[in-house]
Amino acid sequence: MTTGVQSSRTEPGTKFEPNSYAQWRVLASPAKEVLHSSAYGKGKTRGICEAADFDCRMFPGNLVTLSRKTLASMWTTTLKVLLDEVIDQEHRSWGWKPHADGGATLYYPNGSQLICVGLDDPGRARSAAVGSWYIDQGEELAEEEFETAAGRLRLGSIPAGRRRIVAAVNPENKSHWLFRRFRPDKAPKGGSYYQHTQHDVTLPNSVVIPKGRLFRECVVSSDTDNLENLPEDYLFRLSQLKGVYRLRYYEGLWVAFEGAIYPHFDARVCGTHVVKRPVEWLQWGGYPPPHWLRYRACDFGFDPSPFVWQWWAREPGAKRFWCYREIYRTRTLVEDHAERILAEEDKELKRLRECALEIAASAEEAREWGKYLRSMEFEYTFADHDKEDRMTLARRDIDTQPANKDVSTGIQTVYQMLSLDEDGEPGIRFCEDALVELDEKLAAEERPTRSWEEFEGYMWQKQIEGRSPREEPVKIDDHACDATRYLFNTLKMIGEL
């Protein structure tokens, strides 16, 4: 194993010097599936970028994919490391093509290509035969997305030991599919946990692969990995993290939030509770079909608390609701929010009407859809009790009803709605792209910027002065949780849930 003082490369074509066991194993592991798990700042992204570049240099004609969950996140994170630390200007002159076919591509003199994509827009990587696939922030992926990427590893012109999928991840909770798949708890810090096949495998061509073949490797960084490359103030800030955040991002442990109000909430995009819009909605311009009942919920705020306005749709004949659009914003007056609310609803109504005309097979069917599209109809709009803010909305013909704000029963109601039914489905789902506009201030402060980002960190108060720790939630970043509670608890109280 080669380890230097720091990860380094001097000139194009020179050997990369890993600075830790973990970086070396990411570069060298022959396992078909490799996971690099660590706390913040351990050189994970640098390691997978170097490994992707190595595969392209070493094997002529290779096709290697470097990706993240979304293309937008690639440009400010993974690609910045690739271009600033791995691929210098001379190297880029070989054939760097940004924004090509869903991402960017680096063409090597030996015929290899490094394709950089987001899994939300994978371009030609979706169907290409790939030699190896590297994923940054792998914890953001659904298992299906990981399997889809792995299914592309069929480029036959490179050695079998390099046809592999490698993911760099920050720890999550132990219910995460990556934890169950790779078992990072079984790997020592600064070491690996290996999984070998337990039985002989007979392939369709009758070839038998004997048991004992290395299939998965989980690599875990040590506490001292990459320290020489991290500023002291960055290390100090990490050292001040508290609770689960400290355990995950400073100590690198996979742990759940102790004291979480909704411990079963799955905050992963394309997981259980945060999902893509159903394919069936495409014929309606991405909106819920017009015959679905619609609701609205509101928690007033200005600064530092955001104003939260959620639009919900209910599946016919089911106790299942979808948050399909929302406003989550600070430093905006209620009258300005009212303008935005009406504009968004006018846009939705117009699009639904257009789609109804396209879909209708007859004049009679068009009239049937038209019954739902005379105006935007909402069964209820439940809001916080602020009289002045509700009056401001009412002056724009946005009527609201005071919500049932009981905390204890409301939390129990939402807890039950988040739980899975007999079909394995939750009663509440958030569309991942529901947000109307990002609040840059909240994003810069690293606070939640949309409803579903609040739920995993929604915590019970610790025990104070002899009170039960489960009497009151912590009143920090809970505004969407409140709006959600207003809707479902009030519906339950009036017998419509």
Filtered residues of segment 457-497 (kept if charged (D, E, K, R), at positive phi and modelled with pLDDT under 80): Glu465
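Out of the residues in segment 347-357 meeting the condition of being over 29 Å from the mean Cα position of the chain (by Cα) and touching a residue at least 60 places away in the same chain (Cβ under 8 Å), tell me which one is nearest to Trp281 (Cα to Cα).
Cys355
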Filter result (under 14 Å from the mean Cα position of the chain (by Cα) and among the polar types (S, T, N, Q)) within segment 250-289: Thr272
Of all residues in segment 134-169 being in contact with a Cys (Cβ under 9 Å, 6 or more places away or on another chain) and of a type in the set (A, V, I, L, M, F, W, C), the one that is surrounded by the most Cβ atoms within 10 Å (Cβ to Cβ): Leu141
Only listed residue being under 29 Å from Lys319 (Cα atoms), at pLDDT 90 or above, surrounded by fewer than 12 Cβ atoms within 10 Å (Cβ to Cβ) and not basic (Lys, Arg), chosen from Glu454, Glu377: Glu377
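Residues checked against (1) within 30 Å of Arg429 (Cα to Cα); (2) assigned by TED's automatic domain parsing to the domain that holds Gly138; (3) in contact with a Cys (Cβ under 7 Å, 6 or more places away or on another chain); (4) not small (Gly, Ala, Ser):
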| site | (1), (2), (3), (4) |
| --- | --- |
| Gln198 | no, yes, no, yes |
| Ser206 | no, yes, no, no |
| Val219 | no, yes, no, yes |
| Thr224 | no, yes, no, yes |
| Arg237 | no, yes, no, yes |
| Ile261 | yes, no, no, yes |
| Glu280 | yes, no, no, yes |
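Are any of the residues in segment 126-133 over 29 Å from Glu251 (Cα atoms), surrounded by fewer than 18 Cβ atoms within 10 Å (Cβ to Cβ) and within 24 Å of the chain's Cα centre (by Cα)?
Step one: filter segment 126-133 for residues over 29 Å from Glu251 (Cα atoms), giving 126-132.
Those left that are additionally surrounded by fewer than 18 Cβ atoms within 10 Å (Cβ to Cβ): 126-129.
Now narrow it down to the ones that are within 24 Å of the chain's Cα centre (by Cα): 126-127.
Yes; the residues of segment 126-133 include at least one that is over 29 Å from Glu251 (Cα atoms), surrounded by fewer than 18 Cβ atoms within 10 Å (Cβ to Cβ) and within 24 Å of the chain's Cα centre (by Cα).
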Residue count for segment 51-85, restricted to those that are crowded, with 24+ Cβ neighbours inside 10 Å and over 15 Å from Thr105 (Cα atoms): 1
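Would you confirm whether any residue within segment 290-301 is assigned by TED's automatic domain parsing to the domain that holds Trp460, in contact with a Cys (Cβ under 6 Å, 6 or more places away or on another chain) and surrounded by fewer than 16 Cβ atoms within 10 Å (Cβ to Cβ)? Step through it out loud before you land on a result.
Pass one, segment 290-301, residues assigned by TED's automatic domain parsing to the domain that holds Trp460: 290-301.
Narrowing the set further to residues that are in contact with a Cys (Cβ under 6 Å, 6 or more places away or on another chain) leaves none.
Within segment 290-301, not a single residue is assigned by TED's automatic domain parsing to the domain that holds Trp460, in contact with a Cys (Cβ under 6 Å, 6 or more places away or on another chain) and surrounded by fewer than 16 Cβ atoms within 10 Å (Cβ to Cβ).
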The one condition in (1) touching a Phe, Trp or Tyr at 6+ places or on another chain (Cβ under 6 Å); (2) within 24 Å of Leu420 (Cβ to Cβ); (3) buried (at least 21 other Cβ atoms within 10 Å of the Cβ) that Glu326 fails to fulfil: (1)
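Would you confirm whether or not segment 389-398 contains a residue that is loosely packed, with under 12 Cβ neighbours inside 10 Å, farther than 30 Å from Cys270 by Cα, charged (D, E, K, R) and assigned by TED's automatic domain parsing to the domain that holds Leu293?
So far as segment 389-398 goes, yes, one or more of its residues are loosely packed, with under 12 Cβ neighbours inside 10 Å, farther than 30 Å from Cys270 by Cα, charged (D, E, K, R) and assigned by TED's automatic domain parsing to the domain that holds Leu293.
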Residue within segment 220-228 that is loosely packed, with under 13 Cβ neighbours inside 10 Å, of a type in the set (A, V, I, L, M, F, W, C) and touching a residue at least 40 places away in the same chain (Cβ under 8 Å) present: no
Residue in segment 47-57 that is at pLDDT below 95, assigned to a loop (DSSP other than H, G, I, E, B) and either polar (S, T, N, Q) or farther than 30 Å from Lys276 by Cβ (or both) present: no
Residues satisfying the stated conditions in segment 182-219, i.e. in contact with an Asp or Glu (Cβ under 8 Å, 6 or more places away or on another chain), hydroxyl-bearing (Ser, Thr, Tyr) and surrounded by fewer than 17 Cβ atoms within 10 Å (Cβ to Cβ): Tyr194
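Here is a yes/no grid of residues against (1) more than 30 Å from Leu282 (Cα to Cα); (2) without any contact (Cβ under 8 Å) to a residue 40 or more places away in the chain; (3) in the same structural domain as Pro473 (by TED's automatic domain parsing):
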{"site": "Gly317", "(1), (2), (3)": "no, yes, yes"}
{"site": "Lys371", "(1), (2), (3)": "no, yes, yes"}
{"site": "Tyr380", "(1), (2), (3)": "no, no, yes"}
{"site": "Lys405", "(1), (2), (3)": "yes, no, yes"}
Residues within segment 86-122 that are surrounded by 21 or more Cβ atoms within 10 Å (Cβ to Cβ), within 17 Å of the chain's Cα centre (by Cα) and either closer than 20 Å to Arg46 by Cα or modelled with pLDDT of 80 or more (or both), tallied: 2
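Table: residues versus (1) touching a strand residue (DSSP E or B) at 6+ places or on another chain (Cβ under 7 Å); (2) on the phi > 0 side of the Ramachandran plot; (3) modelled with pLDDT of 95 or more; (4) not polar (S, T, N, Q).
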{"site": "Arg162", "(1), (2), (3), (4)": "yes, no, no, yes"}
{"site": "Pro171", "(1), (2), (3), (4)": "yes, no, no, yes"}
{"site": "Leu178", "(1), (2), (3), (4)": "yes, no, no, yes"}
{"site": "Arg181", "(1), (2), (3), (4)": "no, no, no, yes"}
{"site": "Tyr194", "(1), (2), (3), (4)": "yes, no, yes, yes"}
{"site": "Asp223", "(1), (2), (3), (4)": "no, no, no, yes"}
{"site": "Pro231", "(1), (2), (3), (4)": "no, no, no, yes"}
{"site": "Leu241", "(1), (2), (3), (4)": "no, no, no, yes"}
{"site": "Val244", "(1), (2), (3), (4)": "no, no, no, yes"}
Helices (runs of 4 or more DSSP H) wholly inside segment 325-419 containing at least 3 residues that are over 29 Å from Trp460 (Cα atoms) and touching a helix residue (DSSP H, G or I) at 6+ places or on another chain (Cβ under 9 Å): 334-359, 363-370, 387-394
All positions within segment 402-419 that are aliphatic (A, V, I, L, M) and closer than 24 Å to Thr272 by Cα: Ile411, Val414, Met417, Leu418
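The values are calculated or read from the model by the stated rules, or taken from the named source; none is laboratory data. Keep in mind it's a predicted model, so treat the numbers as computed, not measured. All Cβ positions, even for glycine, are placed from backbone atoms using ideal geometry, and neighbour counts span all protein chains on display.
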